[in-house]
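The values are calculated or read from the model by the stated rules, or taken from the named source; none is laboratory data. The shown structure was predicted, so the numbers you read here are calculated from the model rather than taken from an experiment. Positions of Cβ are backbone-derived with ideal geometry, glycine not excepted, and every protein chain shown enters the neighbour counts. To get the accessible areas, we keep the full protein, side chains included, count just its heavy atoms, and leave off ligands, DNA and RNA. Shrake-Rupley method; radii C 1.70, N 1.55, O 1.52, S 1.80 Å.
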Amino acid sequence: MIFLSLKIFKASLFKTIRISLKHKIMTLETKAIAKTWFDALDKGNMETALGCLDPNIVWINVPKIKDGSEIIPWIGTANGIDEVINQFSTRDGIAEVKEFKPIGMCCEGSTAVGLIRDKTLILDTGITFEIIFATWMTVENNKIIRWKSYCDTAPIIAAFKGIQPPVPQF
């Protein structure tokens, strides 16, 4: 009876160790992809950045708000890499990113959460906004399959309206 209990305990322990090790490996892989993504964007290397994305990515760049955020033409949901590229192209046609710096990242399993400092000039108004935004990514098979950003859009809207927004406090 004791031998059987010991055998069951040993099997359970090894299973727990295997699951824990697999989870740690997944976390390291997720961190590597997220770091590559952020580093590529920081350096303006769009080819490398886009290479991190799954072709069928679900990309939610701040949900649109009716009668509020439509002034920002590059936000909203994109399905697939072509629509993501279109969002970047739209932004790049009317704004110039001055700074895009990762300032923090946490990874657990297939999830990566990052904080980014973004300073962008709106070309029509000559106003630069600065925001800190959060991204939530899901990584599978070494590709980002889902990306969602969260931010206060008020400074972006102000810059489009020709109003200099304050620098965020953090």
Listed by chain and number, the residues whose amide H is under 5 Å from that of I57, excluding neighbours fewer than 5 places away on the same chain and using placed H, are G80, I81
Please list, in order along segment 72-77, the HN-Hα scalar couplings obtained from phi with the Karplus expression 6.51 cos²θ - 1.76 cosθ + 1.60 (θ = phi - 60°), rounded to whole Hz, x for Gly and Pro. 9, x, 9, 8, x, 9
How many angstrom lie between the Cα centre of segment 123-163 and the Cα centre of segment 48-111? 7 Å
Violations at 25 Å Cα threshold for listed pairs K98/K143; K31/K101; K43/K64 -> K98/K143; K43/K64
For segment 71-170, the Cα convex hull volume per residue in Å³ comes to 97 Å³
With all protein chains present, how much of the accessible area of the chain (probe radius 1.4 Å) comes from carbon and sulfur, to the nearest whole percent? 60 percent
How big is segment 21-123 in terms of Cα radius of gyration and Dmax, in angstroms? 14.8, 49
Accessible surface, segment 41-170, averaged per residue in Å² (probe 1.4 Å): 53 Å²
How far apart, in nm, are two points set 7 Å out from the Cα along the Cα-to-Cβ line at K143 and at D67? 4.1 nm
Cβ neighbours within 10 Å, averaged per peptide: list 30-41, 78-89, 48-59 in order, most packed at the top. 30-41, 48-59, 78-89
